[in-house]
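*Asks:* Quick one: the structure is below, questions incoming.
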Amino acid sequence: AIFFLNLSLMIFSRILVKEAYESITRSTVKPVNVFIYGTRQAGISVAKALKGNSEFNYRLMGFISDEQHMIGKQLMGVTIYANDEHIFRTLEVKDVKTIIVSPQKMEEIRNSNLLVNFVDHNISLLTTVPMSEWDGTLASKSQIKDVQIEDLLPRDPIHVNMLRIAEILEGKRVMVTGAAGSIGSEIVRQVASFNPYSIILIDQAETPLHNMRLELQEKWRDLRTELIVADISNASRMEQVFIRTRPQYIFHAAAYKHVPMMEDNVSESVQTNILGAKIVADLAVKYKALRFVMVSTDKAVNPSNIMGCSKRICEIYVQSLAKHLEKTGVSTTKFITTRFGNVLGSNGSVIPLFREQIRKGGPVTVTHPEIIRYFMTIPEACQLVLEACAMGENGEIYIFDMGKPVKILDLAKRMIRLSGTPNVKIEFTGLRHGEKLYEELLNIKEFTKPTHHEKIMIADVRAYEYGEVSKQIDDLIRVSYDYDDMRTVKKMKELVPEFRSINSPYEAVDRLLEKITNGTEVRKS
């Protein structure tokens, strides 16, 4: 009995000490003054959670509303203010440096200037889980998170014809190359939701491919998948894969995409990007795939670097092959190319880089104060890829409306403000090899034709003769195996005359080709 009494006293004393410590700690930590943006049910639920749970340590000082009839009213004992030119003075007077955006309001104003203005005034923005996951409660502080830079970039919502996509993919065998990469993996996720017969995932990165396996097993347990570690430039290996899997729809996302890296690895860019695309496209025809969709890039337009030129050559080959087969009438395979700009959060993109640099205290490195880029989220880009697949006829290059361009310097500044560490410095490092100040979606000699989707246009591009293109590409691939970068680049420039190197040693090749061209013209005259 004495043992149990001592044990009970010991447990009780520990609980008492713990409660006393937590009480003292709570009383010494000053609560953070906050406003809640949103006065509908979701905003009220957030406010109740903050008031009813001391873990949050927030003091509600007011609400913000965009609804005129709510302005000036009282809600839960505090005033509702308008989001107008006076709001920042109000925040200053009430010593509020943090705003919690309700999940409902977040859905309404995401990617609008309503949020950007707060960031530009050094106001911290928080929100909860997305509205689609919101159950009306906040159980812990972990459910409140920072608003991300992706939520601030100006973009219009994208709507796709889900029924049309479902009609073509349901019950089909779908192959995705580069399936473990940023774009490829999202294509896999979206295709999985359309109930295909199976998905064949191809990548040469085994660990990311394994991670995809785990994700698919968790989310789509009944989905048939084949995960294949393979190099797309290995023709015999890829043929064996096609013989075994017989894909009906192919999304070709495998490619090297890092501009400075490919400037230093020219032959690898040719062998993976160009040879790999050629092998997969040819096998699509040989094994009677219904559609082949190639993921291209805006860097293929007036290319200034090896990566962009390699993708332009892929476009030329795929389009010339499509037209050749159409003329001869020997193939049922339709070829579609999609061309778009930077995607938010992709491997190697600036946003994850800036985020990591800010986490380490800086500096944040920007190549040039005037550099601008177009951005789209990975899911948005992949939705449009699937939509283009569904609408594509044959041989078209589809370009996407990427929204408004974003100055990278402004992006860096806003990310620093969002992080709550305004003292992080920005450092300009100079344009990298092959890097442009801005990207284009169209060549100066190209123009667009509309489609039924307001975000997708068809690029009216120059047609190439398949026989000549195929011969030139075979020559280029052969030269690439000599690993003589200058000779390889010269071949690429002969195939794509608009390829002009920028801030690169390959500018010497441009000068050489100019001399040859000028000399030829002089002799002709």
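*Asks:* Between 273, 505, 99, whose Cα lies farthest towards the positive end of the dipole of the chain when Lys and Arg beta carbons carry +1 and Asp and Glu beta carbons carry -1, centred on the Cα centre?
*Replies:* Checked the options; the winner is 99.
*Asks:* For the chain, what's the relative contact order in percent, using C-alpha pairs closer than 8 Å and at least 6 residues apart? Mind dumping the intermediate values first?
*Replies:* Details: 922 pairs, mean separation 63.8, N = 525.
Across the chain, relative contact order equals 12 percent.
*Asks:* Another question, if that's okay. For the pair residue 97 and residue 218, how long in nm is the line joining their label points, each one 7 Å along Cα→Cβ?
*Replies:* Taking the simple label geometry, residue 97 and residue 218 are separated by 3.6 nm.
*Asks:* As a footprinting exposure proxy, order 45, 470 by other Cβ within 10 Å, with the fewest listed first.
*Replies:* On the way: 45 20, 470 17.
So the residues, fewest neighbours to most, are 470, 45.
*Asks:* In what sequence, highest mean first, do 196-204, 80-88, 115-123 appear when ranked by Cβ atoms within 10 angstrom?
*Replies:* Details: 196-204: 22.2, 80-88: 15.6, 115-123: 17.8.
Final packing ranking: 196-204, 115-123, 80-88.
*Asks:* How are the alpha carbon pair distances in the range 161-320 distributed across 5 Å bins from zero to the largest one, expressed in percent?
*Replies:* That works out to 2, 9, 19, 22, 20, 15, 9, 4, 1, 0, in percent per bin.
*Asks:* Treating the angle as unsigned and between 0 and 90°, give the value, to the nearest 10°, between the Cα long axis of helix 276-286 and the longest Cα principal axis of the chain.
*Replies:* 70
*Asks:* Next up: Of all DSSP beta bridges located in the chain, what percent are antiparallel, nearest 5? Walk me through the numbers before you get to the answer.
*Replies:* Numbers: 14 of 66 bridges.
Roughly 20 percent of the DSSP beta bridges within the chain come out antiparallel.
*Asks:* Among 383, 476, 437, whose Cα lies farthest out toward the positive end of the dipole of the range 371-489, if unit charges sit on the beta carbon of Lys, Arg (+1) and Asp, Glu (-1)?
*Replies:* Positive-end residue among those listed: 437.
*Asks:* To the nearest 500 deg cm²/dmol, what mean residue ellipticity at 222 nm is calculated for the chain from DSSP H runs of n ≥ 4 alone, each contributing -39,500 (n - 2.57), summed and divided by the residues? Could you put the intermediate results ahead of the total?
*Replies:* Values: 19 runs with 228 residues, N = 525.
That comes out to -13500 deg cm²/dmol.
*Asks:* A follow-up question, please. Mind ranking 404-415, 426-437 by how tightly packed they are, going by the mean number of other C-beta atoms within 10 angstrom, highest first?
*Replies:* Details: 404-415: 18.2, 426-437: 15.7.
The peptides rank, most packed first, as 404-415, 426-437.
*Asks:* Here's another thing I want to ask about it. In debye, nearest 20: dipole of the chain around its Cα centre with unit charges on the Cβ of K, R (+) and D, E (-)? Intermediate results must be reported in sequence, preceding the final value.
*Replies:* On the way: 67 positive and 64 negative charges, 128 e Å.
Approximately 620 debye in magnitude.
*Asks:* Given the chain reduced to its alpha-carbon atoms as identical point scatterers, what log10 I(q)/I(0) does the Debye formula return at q = 0.13 Å⁻¹?
*Replies:* With no solvent term, the Cα-only Debye profile gives -1.27.
*Asks:* Let me ask something additional. Multiply the residue gap between residue 462 and residue 448 by 0.36 nm, knock off their C-alpha separation, and tell me the result in nm, one decimal place. All intermediate terms of the calculation are to be shown ahead of the outcome.
*Replies:* Values: separation 14, 0.36 × 14 = 5.04 nm, distance 1.22 nm.
So the extension gain works out to 3.8 nm.
*Asks:* Next question, about the same structure. Report, ordered by chain and residue number, the lysines lying within cross-link reach of residue 105, taken as a straight Cα distance under 27 Å and ignoring same-chain residues fewer than 8 apart.
*Replies:* Excluding near neighbours in sequence, the set is 48, 51, 73, 94, 97, 141, 145, 404, 407, 413, 455.
*Asks:* Still on this structure: Hey, can you rank 371-378, 336-343, 484-491 by average C-beta count inside 10 Å, highest first?
*Replies:* Details: 371-378: 20.5, 336-343: 23.8, 484-491: 18.5.
Ranked from most to least packed, the peptides come out as 336-343, 371-378, 484-491.
Rule-based calculations on the coordinates, nothing more; no lab input. Just so it is clear, the structure is predicted and the values come from calculations on it, not from any experiment. Cβ coordinates were reconstructed from backbone atoms using ideal geometry, including for glycine residues, and neighbour counts include every protein chain displayed.
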